[in-house]
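The values are calculated or read from the model by the stated rules, or taken from the named source; none is laboratory data. Just so it is clear, the model here is predicted, and its values are computed rather than measured. Every residue, glycine among them, receives a Cβ derived from its backbone with ideal geometry; neighbour counts consider all protein chains shown. Ligands, DNA and RNA are excluded from the accessible area calculation, which covers all protein heavy atoms including side chains. Shrake-Rupley method; radii C 1.70, N 1.55, O 1.52, S 1.80 Å.
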Amino acid sequence: MASEKEFPEQSGREKREGTSPSGGAAAGEPLRESDTASEHQADVNRDAERGAADKAKRQSRSDSDASRDLGRADVGRSGAERQAEGDERLRVERETSDEAIDAERLRTDAATEMGRTHHQASAKSSAELLSREQESHRETKTALTTREEFLAIVSHDLRNPLNHISMAAQNLFEEPGEQEDVKEIAAAIKRSTGEMLRLIQDLLDIERIAIGKLILHYEKHDIGEIIQTVVGDFQRDAVSKEITLTAKCDAGCGDVVCDHNRVAQVLSNLIGNAIKFTSAKGQIRVSCARTGPEGKDVQVSVSDTGTGIAPEKIKSIFERFSQINSQDRRGIGLGLYIAKMMVEEHPGRIWVESKLGEGSTFHFTLPVRSRATS
């Protein structure tokens, strides 16, 4: 009978379909991340093949049914009943077989998708791990480079004043000269030792800031007197470069509750930088005025006619080691960072206004009565 001959052919076809549910690739085989497009095309091809096989199977069944219907007209009633029973059994078997095929396809597709998802997750995890390792390597390399640059600049900045001191002492030893000459040499020695002490103080302050042990001692001080004292300390340095250094404080500035030494240190860093970056015949002006709501703050400004600051560097100029990896070697980039920490500790604010080629003005504010002690 046509129905009996159909079973082996169907079984062989279904077996072949069941053994290659994913188009010839084993369900557990690892998928490469770069094959995503190929996988999608393979899925499309596989679905097309399945549809064609199902269509052929249904056509075969339809032909068998038509053949049986033609033969059924020639048999008696009892034969028709037996045929109906056979057809029912065949229908049930077909439904069962179809359900098994569909279930197997679902399991295979699920296994394939799970393997693909696992592979993609593994690839993503590996990529993230590699990215973290590369970033860590870059940070380590940058830290080592910064440390080497830092040590080189510190050595240079300490060697220069030491050389000046050595040369001045040698001149005194070989040719004492007139009293005025001796005073000039002594002043040069004092300036050089001052540079060294400021650098050492900066290095110590950086360590205190890093470990959270920066301590300020608040007392009431006349901000105008602090400014006049610091400006006086830098007059010789300014004169040696033919720079005019002046100070002007408004009458209302008066007393400020602050750490005298730290405010003087901030001013020293700002004025020292102004002298470094201002050419001969230039001008530096230090001023002070009340500001803020009801004059609750004092604003100190240091203006120069120097080289100015490029706009892209203004944002980073108060960062630690801001001059590391820079073409400029006039300092190690600690002064402004320390000044920022000192001012904010009072608490106050520091910022800069600059125009390349025309000069810069650094401002900082201090509360008349320190909020840190109120």
Amide H to amide H, which residues 5 or more places from residue 247 or on other chains are under 5 Å from it, using H placed in the peptide plane?
286
Packing-based ranking, highest mean first, of 267-274, 208-215, 98-105 given that Cβ atoms within 10 Å are counted
267-274, 98-105, 208-215
Strictly over 32 Å apart at the Cα level, which of 281/340; 241/340; 220/355 would you flag in this model?
220/355
Carbon and sulfur %, accessible surface of the range 190-260 computed with the full protein complex present, 1.4 Å
52
Per residue, in Å², the accessible surface of the range 164-204 once ligands and nucleic acids are set aside, probe 1.4 Å:
74
In whole Hz, with x marking every Gly and Pro, tabulate ³J(HN,Hα) for the range 336-343 from phi via Karplus 6.51 cos²θ - 1.76 cosθ + 1.60, θ = phi - 60°.
6, 4, 5, 4, 4, 4, 5, 5
Per residue accessible area in Å² of the range 231-285, where ligands, DNA and RNA are left out and the probe is 1.4 Å
46
Taking a probe of 1.4 angstrom, what is the accessible area of residue 197 in Å², to the nearest 10?
120
Order by accessible surface, 1.4 Å probe, largest leading, for residues 61, 198 comes to 198, 61
Area of residue 38 that stays accessible when all protein chains are in place (1.4 Å probe, Å², to 10)
70
Rounded to whole Hz and in sequence order, give me ³J(HN,Hα) for the range 228-239 from the Karplus expression 6.51 cos²θ - 1.76 cosθ + 1.60, θ = phi - 60°, writing x for Gly and Pro.
4, 5, 5, 4, x, 5, 9, 4, 5, 4, 5, 4
